[in-house]
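> Got a structure for you, written out below as structure tokens; questions coming shortly.
The values are calculated or read from the model by the stated rules, or taken from the named source; none is laboratory data. What you see is a predicted model, and the numbers here were worked out from it, not measured in a lab. Note: ideal-geometry Cβ built from the backbone for every residue, glycine included; neighbour counts use all protein chains shown.
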Amino acid sequence: MATGHTEAVLVAAFSPDGRQLATGGGDATLRLWDILTETPLATLTGHTNWILCAAWSPDGKRLATGGMDKDVRIWDPVTGQAIGKPLKRHTKWVNALAWEPLHLNPDCVRVASAAKDGTIKVWDSLRGHLLFSLSGHAASVTSLKWSGQGFLISGSQDRTIRVYNASEGGKLVRVLAGHAHWVNSLSLNTDYVLRTGAHDHTGKSPATKEEAQQAAMQRWLAVTQGKPEKLVSCSDDHTLFLWEPASSKKPLIRMTGHQQQVNITSFSPDGRLIASASFDKSIKLWDSNGKFLGNLRGHVGAVYQIGWAADSRMLVSGSKDSTLKIWDTRTKKIKTDLPGHADEVYAVDWSPDGERLVSGSKDCLVKML
């Protein structure tokens, strides 16, 4: 158990190699932890309000944060120092961040931010320049993905998902409409390989940027197998939709069954399963074509967060009921019931090598398992 935060922990994110952890939240600080020793490495200060999102570059060399103070900040995780000045252009708080995939650009320089002001901004993280801004949404942008095919995909409270071509200055490709209420979360079937880049957790690291790019490309191709990426979205309208954003504005399938708002959805690392978590206290499992597979029941409060183990066989969930549960996705039963926290669980993450679990809560604590 790690203490240090003085307010609710809203963000917990492992580095691509799984050796470091970043946590942040209501106290406006970001804390870096060494996973092997479970000791704090650094406290990153600069934000003046709640930190709402944090994202590691896929090469692990930079960390981006955003929050209520409307700023995006870039950090060096080795020194714990800020890289350049805060990136200031958003007029309302920053909800989500996404880095350009390593197989598309091994320099990992471009990062995108999405905010309550309805805009998406793409930055040069080294020079601190705004490269372009996208202002098509009519309400808060809640989620953002940078796909392996080079698309920026954003979900919004305006009920739409917008697909932009990131290499053509953010040209709008298509609008995915279908949800009847806010879009809360997006997931690509390639999320895990995009997040981890060249790191396959065998202990070997690529010697050069070129080798890293090759390795990241091979890992992405192993999941996509020559097919377009799939995207799943979930909404306050109680439904999920499955899309092929590169090719069609029509959904592949509408996924129904949740009785209340769906908070979060996530593809498994191997891209074969989809999990969704809801205020109805349940988690549902679906196959990669959107076919319903079963319910994971056990929470007595809204399920806020879910995270997959690297082998796609286990899922962790964090709930308003203050508990964490680890589920076996084959038997659909609770594998481990963790007492968790003294209050609501807002953040969970599973290390990319599958070895460690972390949770963050309203009780100000970070727990590592």
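> If you take the residues in region 33-65 that are hydrophobic (A, V, I, L, M, F, W, C), under 18 Å from the mean Cα position of the chain (by Cα) and within 17 Å of residue 349 (Cβ to Cβ), which one is surrounded by the most Cβ atoms within 10 Å (Cβ to Cβ)?
Initially, region 33-65 is screened for residues hydrophobic (A, V, I, L, M, F, W, C), giving 33, 35-36, 41-42, 44, 50-56, 63-64.
Now drop any that are not under 18 Å from the mean Cα position of the chain (by Cα), which leaves 50-56, 63-64.
After this cut, where a residue has to be within 17 Å of residue 349 (Cβ to Cβ) as well, the list is 51-56, 63-64.
Numbers: 51: 28, 52: 23, 53: 23, 54: 24, 55: 23, 56: 26, 63: 26, 64: 24.
Among those that are hydrophobic (A, V, I, L, M, F, W, C), under 18 Å from the mean Cα position of the chain (by Cα) and within 17 Å of residue 349 (Cβ to Cβ), it is 51.
> Answer yes or no: is there a residue in region 247-259 that is of a type in the set (Ser, Thr, Tyr), at pLDDT 95 or above and within 19 Å of residue 149 (Cα to Cα). Give the steps one after another, and end with the answer.
Going residue by residue through region 247-259, those that are of a type in the set (Ser, Thr, Tyr) are 247-248, 256.
This time we only want the ones that are at pLDDT 95 or above, so: 247-248, 256.
Keeping just the survivors that are within 19 Å of residue 149 (Cα to Cα) gives 247-248.
The answer is yes, given that some residue of region 247-259 is of a type in the set (Ser, Thr, Tyr), at pLDDT 95 or above and within 19 Å of residue 149 (Cα to Cα).
> Let me ask something additional. Would you check which residues across region 57-84 are more than 15 Å from residue 14 (Cα to Cα) and among the aliphatic types (A, V, I, L, M) and list them?
Step one: of region 57-84, the residues more than 15 Å from residue 14 (Cα to Cα) are 66-74, 79-84.
If the condition is that a residue be more than 15 Å from residue 14 (Cα to Cα) and among the aliphatic types (A, V, I, L, M), then 68, 72, 74, 82, 83 are the ones that fit.
> Here's something else I'd like to know. Just a yes or no: is a residue in region 63-75 touching a strand residue (DSSP E or B) at 6+ places or on another chain (Cβ under 7 Å), polar (S, T, N, Q) and closer than 20 Å to residue 23 by Cβ?
We begin by selecting, within region 63-75, every residue touching a strand residue (DSSP E or B) at 6+ places or on another chain (Cβ under 7 Å); these are 63-68, 70-75.
Applying the additional criterion that residues be polar (S, T, N, Q) yields 65.
Okay, now just the ones that are also closer than 20 Å to residue 23 by Cβ, so 65.
Yes.
> Just to be sure, is residue 150 more than 27 Å from residue 19 (Cα to Cα) and buried (at least 24 other Cβ atoms within 10 Å of the Cβ)?
Values: more than 27 Å from residue 19 (Cα to Cα): yes; buried (at least 24 other Cβ atoms within 10 Å of the Cβ): no.
Spelling it out, it is not the case that residue 150 is more than 27 Å from residue 19 (Cα to Cα) and buried (at least 24 other Cβ atoms within 10 Å of the Cβ).
> When you look at residue 146, is it more than 27 Å from residue 119 (Cβ to Cβ) and in contact with a helix residue (DSSP H, G or I) (Cβ under 7 Å, 6 or more places away or on another chain), yes or no? Steps first, answer last, please.
Values: more than 27 Å from residue 119 (Cβ to Cβ): no; in contact with a helix residue (DSSP H, G or I) (Cβ under 7 Å, 6 or more places away or on another chain): yes.
When the stated conditions are applied, residue 146 does not pass them.
> Still on this model: Quick check on my filter: what residues within region 153-196 are crowded, with 24+ Cβ neighbours inside 10 Å, over 17 Å from residue 251 (Cα atoms) and among the small types (Gly, Ala, Ser)?
166
> Further question on the same structure: What is the residue count in region 1-28 for residues that are at pLDDT below 95 and among the hydroxyl-bearing types (Ser, Thr, Tyr)?
The total comes to 2.
> Show me the strands (runs of 3 or more DSSP E) found entirely inside region 1-108 where at least 2 residues are acidic (Asp, Glu) and closer than 23 Å to residue 144 by Cα.
On the way: elements: 9-14, 20-25, 30-34, 39-44, 51-56, 63-67, 71-76, 94-99.
By residue number, 71-76.
Conditions tested, residue by residue: (1) touching a Phe, Trp or Tyr at 6+ places or on another chain (Cβ under 9 Å); (2) over 22 Å from residue 267 (Cα atoms); (3) among the small types (Gly, Ala, Ser).
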{"site": "138", "(1), (2), (3)": "no, yes, yes"}
{"site": "159", "(1), (2), (3)": "yes, no, no"}
{"site": "177", "(1), (2), (3)": "no, no, yes"}
{"site": "181", "(1), (2), (3)": "no, no, no"}
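> Could you please find all residues in region 298-308 being surrounded by 21 or more Cβ atoms within 10 Å (Cβ to Cβ) and outside any strand (DSSP E or B)?
Result: 299, single match.
> Of all residues being under 18 Å from the mean Cα position of the chain (by Cα) and among the acidic types (Asp, Glu) in region 188-237, which is farthest from residue 106 (Cα to Cα)? Just the residue, please.
Across region 188-237, the extreme among qualifying residues is 229.
> Return the residue satisfying two criteria in turn: it lies in region 338-355 and is charged (D, E, K, R) and touching a strand residue (DSSP E or B) at 6+ places or on another chain (Cβ under 6 Å), and of such residues it is farthest from residue 52 (Cα to Cα). Break it down stepwise before answering.
If we filter region 338-355 for residues that are charged (D, E, K, R), which is where we start, we get 343-344, 349, 353, 355.
In the following step, the residues that additionally are touching a strand residue (DSSP E or B) at 6+ places or on another chain (Cβ under 6 Å) were identified as 343, 349.
On the way: 343: 18, 349: 15 Å.
The qualifying residue farthest from residue 52 (Cα to Cα) is 343.
> Kindly provide the set of residues from region 265-278 that are in contact (Cβ under 8 Å) with a residue 60 or more places away in the chain and either closer than 18 Å to residue 178 by Cβ or of a type in the set (S, T, N, Q) (or both), ordered by number.
265, 266, 268, 274
> Restricting to region 178-209, name every residue that is over 15 Å from residue 149 (Cα atoms) and touching an Asp or Glu at 6+ places or on another chain (Cβ under 6 Å).
If the condition is that a residue be over 15 Å from residue 149 (Cα atoms) and touching an Asp or Glu at 6+ places or on another chain (Cβ under 6 Å), then 179, 180, 181, 182, 199, 201 are the ones that fit.
> Then there's this: Is it the case that some residue within region 252-262 is under 20 Å from residue 338 (Cα atoms) and of a type in the set (D, E, K, R)? Don't jump to the end; show me each part of the working.
Our first condition is that a residue be under 20 Å from residue 338 (Cα atoms); within region 252-262, this holds for none.
There is no residue in region 252-262 that is under 20 Å from residue 338 (Cα atoms) and of a type in the set (D, E, K, R).
> Applying the selection to region 79-96, what residues are of a type in the set (A, V, I, L, M, F, W, C) and either more than 20 Å from residue 187 (Cβ to Cβ) or buried (at least 23 other Cβ atoms within 10 Å of the Cβ) (or both)? Don't jump to the end; show me each part of the working.
Taking region 79-96 and keeping what is of a type in the set (A, V, I, L, M, F, W, C), we get 82-83, 87, 93-94, 96.
Across region 79-96, the qualifying residues are 82, 83, 87, 93, 94.
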